[in-house]
Amino acid sequence: MRKPKENGEVSSLRKVKEVCALLFSGAAKRFPLFFVFETFYTLLDVLNPFINLMLTPLIIDELLGLKRMRVLLTYVLVLVLGKSITFILSDMCRSNLDKYQERLNNFYSMEISRHAMCLDFELTEDKKCLDQLEKAKTGMSWYSGGAYGMAQQVFFFLGNVLKIAGFVAVIIHYAPLLLILVVAYVIVNGRLSAKNNKTEIECYGELAKTNRIFGYFGWETVDFKYGKDIRLYEAQEMLLERWDTTTDESISTWKYQTDTQLPNHLLMNVTGLLRNFITYFWGGVLVIRNVITIGSATQLIEATSALDATLGGLVWNVQELIKRSNYAYEYVLFAKYPERMTKGTKKVREGMHEIEFQEVSFSYPGTDRKVLDRISIRIRPGEKLSIVGLNGAGKTTFIKLLCRLYDPTEGAILLDGVDIREYELSSYVAQFAPVFQDYKIFAFSIAENISVKEDTKMTPEEKKRCEDLIRQLEMNSFFDKLPHGLATKVTKVFDEEGVEPSGGEQQKIALARALYKDSPVLILDEPTAALDPIAEYEIYRQFNELVEHKTAFYISHRLSSCKFCDKIAVFSDGRIAEYGDHSTLASISNGIYARMFEAQAQYYR
């Protein structure tokens, strides 16, 4: 019994239309000549079998009949020249099309990456979105062949339609009853092929999840950043065992697919043998009865065989288009993945800003636990705020909401009295320059890491500013040792002369990046958590001197930054438990801040 479509399920025809519309529109804008070559190649492919089909019977009948040498030579020359010209032109088109295959694959890989980087941040922590991203990547690879593979199937389909029209005309002329045999054969094989395609699509759904896990254990864990932990904790066996387990799951899925498809493949071979027997027998009968010549019988058998193959190819084209569209449709779904955040159109005015949280609560998607609970606080322009508290108190979540990586579950955040959801997102985030605890240093040059701009596009003034920031952050000894100055690559991933900055040097590069952005609001979200308290204090001191006229947030569960701040907000269990300056909070008997200060006072007295 056919399984009824679930509500909202997209039909196969609609998937084909949406996939072709999205992929071909992008490919046509980027590589218009690709479709010119595909069209010309298809026309040559249609012409090629008819050169044989029309000339071979004439040659055979001439050899068995009048045997005129000049006529025979003419037929042979036309056949050879016709085939040679079509082969040469086809090879030229094929050569150019092969070049476009890699270009199109790279283009859509970049499109997937570009869209992934532009998604709302909360989707990057959403399992469904991560699975959809993996499905989009695998679906656009060898599963569908991407835009190149889809275009091939569409043009093959159009070419097969033209061929069928020609073959049918030949068969109707000699033996119309053979059409019934060919059509019956195609219907049977089409149903068998459809079953095999259905099995492939079912297995693809299983493999998408397995491949993501396989990719993690197979490739992510060989990244150098895991090297120390793997060796010192002897994790090699555990990781390899998990890789083996995932490999076994993948192999099991492939085995199921092969075993399920095998009976259908065998039955398709049997029906093919039966069709060949009937075709040759019927052609022989017509020759014996002098209904057609031997050359015409050859033409009939060749046309029947070609029609059979072409009809089968047409059915295969349709099924392949549907199958490939099912895979490539995962990219369509990812490309139009719904936005979670409301985005306004207002521009943020230049200058300093007042920030206010009004009864803000927040729970991460899929959970009911409030990480922040009715937070209300106002930060004046140019104010320095230290946010302290133990791990898990909600400090980083507070900053994520401020930077619009997430939106509040309840309440509102105001910038200059306006709900931040009313601002244009790019205009709003331009106001903030954060340095998170898990900041990233890229395998680019020092200048590119600081400016987030390609070396070749930087002006001399911009490069000088990068160098000035490095020196202001007291990294003279580091900078003076760089073999190529600001152009020196970080890490040796792409350049053997690259440098491997220490943890402290990497932190200062991240700080220089925040300062280079020159936003009115700067944020340090525990980027120095791995340092001892005194080293952390020194970094905060240097940074504070450079942001004197800006609003700044210092987040930590230690108290290094409190000396430089106008106000201190003590977070506990998702709420602001205490708020005030240092002297006020330190004087609260048995207060959270007072207890933390006493516990850490040995570092700050």
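What the table below lists for this structure:
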item	result
Long-range amide H partners of LYS384 with built H, under 5 Å	ALA552, ASP566, LYS567
DSSP bridge pairs, the chain: antiparallel proportion in percent, nearest 5	45
Low-density loop cleavage sites - trypsin sites (Lys or Arg not before Pro) in the range 227-274, where at most 12 other Cβ are within 10 Å (DSSP)	none
Too-long pairs where the Cα-Cα distance tops 31 Å, listed order kept, from LYS15/LYS370; LYS457/LYS481; LYS346/LYS453	LYS15/LYS370
Note, ³J(HN,Hα) from phi for the range 385-393, Karplus 6.51, -1.76, 1.60, rounded to Hz, x at Gly and Pro	10, 9, 10, 10, x, 6, 4, x, 7
For GLN437, distant residues with modelled amide H under 5 Å away	ASP525
Hits among lysines - C-alpha to C-alpha of LYS163 under 21 Å, sequence gap 8 or more where chains match	LYS83
Order of TRP316, TRP142 - criterion: other Cβ atoms within 10 Å of each residue's Cβ, fewest first	TRP142, TRP316
Whole-Hz ³J(HN,Hα) from phi, Karplus 6.51 cos²θ - 1.76 cosθ + 1.60, for the range 464-473, glycine and proline x	5, 5, 4, 5, 4, 5, 4, 6, 5, 8
Mean residue ellipticity (222 nm) of the chain, computed from DSSP H runs ≥ 4 via -39,500 (n - 2.57), nearest 500	-21000 deg cm²/dmol
Sites ILE85 and LYS464 - FRET efficiency at Förster radius 60 Å, r taken between beta-carbons, to 0.05	0.45
Gain on full stretching of the segment that runs from GLU538 to GLU496 - 0.36 nm per residue minus C-alpha separation	11.9 nm
Partner aspartates and glutamates for LYS323 [C-alpha distance under 13 Å; skip if fewer than 8 residues away on the same chain]	GLU200, GLU202
Semi-axes of the equivalent ellipsoid for the range 12-335, Cα gyration tensor, largest first, Å	49, 24, 18
SER587-GLU356 FRET efficiency (beta carbon distance; Förster radius 35 Å; 0.05 resolution)	0.85
Full-stretch length increase - LEU33, PHE121 - with 0.36 nm per residue and alpha-carbon distance subtracted	28.0 nm
Longest exposed-site-free window of the chain, the sites being GluC sites (Glu not before Pro) in a DSSP loop that have at most 15 other C-beta atoms within 10 Å	10-233
Compactness of the range 66-124 as Cα Rg over 2.2 N^0.38 Å, two decimals	2.43
In sequence order, calculated HN-Hα J values of the range 397-412 (Karplus, 6.51, -1.76, 1.60; Hz; x Gly/Pro)	4, 4, 6, 4, 5, 4, 7, 6, 6, 9, 10, x, 6, 9, x, 8
Reference-scaled alpha-carbon Rg (2.2 N^0.38 Å with N residues) for the range 443-500	1.05
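Each value in this text was obtained by applying a stated rule to the coordinates, not by laboratory testing. Here the structure is a predicted model, which is why all the values come from computation and not from measurement. Quick reminder, even Gly has a Cβ in these numbers, built from the backbone with ideal geometry, and neighbours come from all protein chains shown.
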